[in-house]
Each structure stands twice: as structure tokens, then as C-alpha cells.
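> Structure provided below as C-alpha cells; questions to follow.
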Amino acid sequence: MSKAFRNILVVVKQTPYEQYLQLKSQGKAPVALRWQRLKNRYEVHKTCVDTVTGLLNNLDCAYTVVGREEMHRNYLADTDLVIAVGGDGTVLSTSCFLDNSIPILGVNSDPTKPEEEGVEKPKDERRSRG
């Protein structure tokens, strides 16, 4: 018999573009052209988050979405599944709050595309690592 998940916690990463927007709203954003490049990575991540929450809505599941930076153990009360949407860091930081009683599902929100395979850049702040 399979277990039905009734209360799901969705933990999402904050993208560099979202961090930039917060700094910009406070008048603290550095002036740099690279920030516009980050918008595409944000849009890919947001589409993934919207897809996950859309699936949960279609399944009529109760869920809560919380940012990775705001995660704490109080969110785990009555939770029977955690979905971490981001990359390796999101899954690892979220898993630190869990014991073996709650399963975690990791969803890579910005996977490498086939045309990007084998292309290595020493530092590409636009990409998630995972």
C-alpha cells in the first residue's frame, strides 16, 4: 500500500537575480551589466517552481512554499514530504533539517541543456551547480 502525502513542504532557492532585485530595491545594487544575464536563469528556475506547484495543485495536495534562506525546523511540523527545488546546495541545506522520518525529493530547477554538455567555464554565476 502506498503512502499518500498530505502535507508537503516545497523549499526553493533564491537565485542571484532575485538577490540583485532585493539589493536594487534598497538602492544597494552594484552597477554591473552581468545582472541582466541572470534574468534568464531566474526565469528557468521560476518556470520549474511553477511546474512543481502546478502539479501539486492538480493533485489537490496541501503544500507550503518557503525560501531556502527562511527554512527552519518549525516548517516540518506535520510535513510528510519535502521537495527541494534548486540545485545541490538547496537539497543539502534542506536535508540538514530532516531526520529519516521525512523523505526529500530534489528537483534540479536549471539542468544543463544538451547543447551545453561539455562546455566548461571556470566560473559561470548564471548556472546552478547540480
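The values are calculated or read from the model by the stated rules, or taken from the named source; none is laboratory data. Keep in mind the model is a prediction, meaning the values are calculated, not measured. Positions of Cβ are backbone-derived with ideal geometry, glycine not excepted, and every protein chain shown enters the neighbour counts. Accessible surface is based on the protein model in full, side chains and every heavy atom, while ligands, DNA and RNA are left aside. Shrake-Rupley method; radii C 1.70, N 1.55, O 1.52, S 1.80 Å.
> How large is the dipole of the range 1-88 about the Cα centre if only Lys and Arg carry +1 and Asp and Glu carry -1, each at its Cβ, rounded to the nearest 20 debye?
440 debye
> Accessible surface of HIS45 in the full protein assembly, 1.4 angstrom probe, to the nearest 10 Å²?
Number for this one is 10 Å².
> How would ARG73, ARG41, ARG6, ARG68 rank on accessible area, largest to smallest, probe 1.4 Å?
Ranking ARG73, ARG41, ARG6, ARG68 by accessible area, largest first, yields ARG6, ARG73, ARG68, ARG41.
> Starting from 0.36 nm per residue, how many nanometres of slack lie between THR64 and LEU23 once their C-alpha separation is accounted for?
Going from the current span to full extension adds 12.2 nm.
> Accessible surface of LYS46 in the full protein assembly, 1.4 angstrom probe, to the nearest 10 Å²?
Result for LYS46: roughly 90 Å² accessible.
> Kindly state, to the nearest 0.05, the FRET efficiency for ARG37 paired with ASP88, given R0 = 25 Å and r defined as their beta-carbon distance.
My answer for the efficiency is 0.70.
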